[in-house]
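What follows is one structure encoded as structure tokens, with my remarks underneath.
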Amino acid sequence: MTTLTELYEARVAEGRLKPDEAQRAVLPALERIRAALAEPVKRGFFRRAPEPPKGLYLWGGVGRGKSMLMDLFVESLTVPARRVHFHAFMQEVQTRIHELRKEGVEDPIKPVAKEISDSVRLLAYDEMQITDITDAMIVGRLFERLFDAGVVVVTTSNRVPDDLYKDGLNRQLFLPFIALLKERMEVRELASDKDHRQDRLSGAQVYFAPADSAARAGIDALWSELTPGQEETLTLHVKGREIELPRYYNGVARASFFTLCGKALGPADYLKLAESVRVLILEDIPRLSRQNFNEARRFVTLIDALYEARVRLIASAAAEPEYLYVEGSGSFEFERTASRLREMQAADWGT
Ligand SMILES: Nc1ncnc2c1ncn2[C@@H]1O[C@H](COP(=O)(O)OP(=O)(O)O)[C@@H](O)[C@H]1O
Ligand SMILES: [Mg+2]
């Protein structure tokens, strides 16, 4: 049987991972769960199913390797498990609750929890984050049922449990959930001083001009470096609307200029996007001018939002920043954007 530490060390030996003491320090916590789940469940008339192991709540700063460790852990499991982005999962749960309500089910959380606990023994949630009261209330009741059914939960988050839904509306209603998390999960910090994502990008070309096939290839390479073979849809909720970014994984979103600036999106959308991703890959920025003034204006707003949130930008464009918008009204205002685009290419941007 391969332990998680063995798996980790094998990747280090292959050069796929750099050794990180803080990561090594949390491996035993995950190994404890892996080993407990690998025990065969002996069911019998006189035997009760064994107590499920406590889960793990792994928190820490961005780029520390939380998602990577969680993926490695899920890969190592032999029991039915599911790894899902927390936000996408909540989305799915709400849809299911909605359907069941329509069918006249009075307390839909029960059957939803049952469907889940019948199909998996472990749930791995990446990026747990609670931002609205509906999610806050649903998640509390759902988790209670999942824990009672013996489902083990492993989750990553940028915050300690006590800071979840911080300053949220009616937060007192959410406190029992925090207590429940702390009771059913071991809480550990991934206290690495290294931002590995930054490390992977530093020194890499992040601005490609012109946006030709070489640019595409360069971006494809960065994309697979950052999101090894996996992607999911990121849904942003802004003022009751939903914006879907179909190519997202682990803090990295990829979209074309047209998707983000060719449609009627505004500052609130861009702010939400900027706070939801760590890296944005924006492809095919055209030359800007009076002719595509609305797109240009949105682009300026988008870059401002990304800049303020210190999001990493990887882009392909028709020209270098200084030559993107050179003629006509608006070109003067674009100077600030061009300079920001330049600054955001620095190797240590975003740290
Ligand atoms: N020890 C490591 N060596 C090399 N790359 C790593 C290491 N740990 C993480 N990474 C990479 O760094 C990036 C950020 O890691 P990630 O797990 O997404 O961080 P977090 O989830 O904590 O924000 C990912 O591309 C990941 O594969
Ligand atoms: Mg992560």
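The values are calculated or read from the model by the stated rules, or taken from the named source; none is laboratory data. The model shown is predicted, which means the values in this text are computed figures rather than measured ones. Note that each Cβ is placed from the backbone with ideal geometry, even for glycine, and that neighbours are counted across all protein chains shown. Protein only, heavy atoms only, side chains kept; ligands, DNA and RNA dropped before computing areas. Shrake-Rupley method; radii C 1.70, N 1.55, O 1.52, S 1.80 Å.
If you stretched the chain out fully between Val238 and Phe293, how much longer would it get, using 0.36 nm times the residue separation minus the C-alpha to C-alpha distance?
So the extension gain works out to 17.4 nm.
Which one of Thr78, Thr235, Thr227 has the biggest mean-square fluctuation once the chain is modelled by GNM with Cα springs under 10 Å?
Thr78
Taking every DSSP beta bridge that has both residues in the stretch 196-343, what percent is antiparallel when rounded to the nearest 5?
Of the beta bridges lying entirely in the stretch 196-343, close to 40 percent run antiparallel.
Please report, in debye to the nearest 20, how large the charge dipole of the stretch 196-343 is about its Cα centre when each Lys and Arg carries +1 at its beta carbon and each Asp and Glu carries -1 there.
Around 280 debye, computed over the stretch 196-343.
Please report, as a whole percent, how much of the solvent-accessible surface of the chain comes from carbon and sulfur atoms (probe radius 1.4 Å).
Using a 1.4 Å probe with all protein chains present, the chain comes out at 51 percent carbon and sulfur.
Can you give the longest run of the chain that contains no GluC sites (Glu not before Pro) sitting in a DSSP loop with at most 14 other Cβ atoms inside 10 Å?
Formally, the longest exposed-site-free interval is 107-326.
So what's Rg/Rh here for the stretch 196-343, counting alpha carbon atoms and using the Kirkwood radius for Rh?
For the stretch 196-343, the value is 0.94.
Would you please give the FRET efficiency between Ser331 and Ser213, computed as 1/(1 + (r/R0)^6) with r the Cβ-Cβ distance and R0 = 30 Å, to the nearest 0.05?
Efficiency, rounded to the nearest 0.05: 0.55.
Given the whole protein assembly as supplied and a 1.4 Å probe, what does the accessible area of Asp199 come to in Å², nearest 10?
60
Below 28 Å Cα-Cα, how many Lys pairs turn up in the stretch 166-324? Only count pairs eight or more apart in sequence, or on different chains, if you could.
Eligible lysine pairs with Cα atoms under 28 Å apart amount to 9.
Based on Cα positions only, what radius of gyration and what Dmax would you give for the stretch 131-232, in angstroms?
Cα-based Rg and Dmax for the stretch 131-232 come out at 19.9, 56 Å.
Separation between the Arg32 and Ala204 pseudo-spin-labels, each 7 Å from Cα along Cα→Cβ, expressed in nm?
Between Arg32 and Ala204, the simple spin-label model gives 3.5 nm.
Working with all protein chains in place, sort Val153, Val41 by solvent-accessible area computed with a 1.4 Å probe, largest first.
Val41, Val153
Excluding ligands and nucleic acids, what accessible area in Å² is computed for Arg216 using a 1.4 Å probe, to the nearest 10?
The value for Arg216 is about 110 Å².
Treating only the Cβ atoms of Lys and Arg (+1) and Asp and Glu (-1) as charged, compute the dipole magnitude of the stretch 68-112 about its Cα centre; round to the nearest 20 debye.
The dipole magnitude comes to about 20 debye.
As a test, work out the antiparallel percent of DSSP beta bridges whose residues both lie in the chain, rounded to the nearest 5.
Counting DSSP beta bridges with both partners in the chain, the antiparallel share is about 20 percent.
Once the other residues with Cβ under 11 Å from the Cβ of Ala22 are scored (Lys, Arg +1; Asp, Glu -1), what is the net sum?
+1
Mind ranking Thr2, Thr156 by accessible surface for me, highest first, 1.4 Å probe?
Thr2, Thr156
About the Cα centre of the stretch 4-189, what is the dipole size in debye to 20, counting +1 per Lys and Arg Cβ and -1 per Asp and Glu Cβ, all else neutral?
Taking the Cα centre of the stretch 4-189 as origin, the dipole is about 420 debye.
How far apart, in nm, are the 7 Å Cα→Cβ label points at Val120 and Arg141?
A separation of 2.1 nm, rounded to one decimal place.
With a 1.4 Å probe and all protein chains left in place, how much accessible area per residue does the chain have, in Å²?
Accessible area per residue: 49 Å².
How large is log10 I(q)/I(0) at q = 0.10, 0.12, 0.16, 0.17 Å⁻¹ when the Debye formula is applied to the Cα atoms of the stretch 229-306, each weighted equally and without solvent?
Values returned for q = 0.10, 0.12, 0.16, 0.17 Å⁻¹ are -0.22, -0.31, -0.56, -0.63.
Figure the gain on full extension for Ala179 and Arg82 (residue separation times 0.36 nm, minus the Cα-Cα span) and round it to one decimal in nm.
Gain on extension, Ala179 to Arg82, equals 32.5 nm.
Students sometimes get this wrong: rank Asp20, Asp148 by accessible area, probe 1.4 Å, all chains present, largest first.
Listed by decreasing accessible area, they come as Asp148, Asp20.
For the chain, report the convex hull volume of the alpha-carbon atoms normalised per residue, in Å³, without decimals.
Each residue corresponds to 154 Å³ of Cα convex hull volume.
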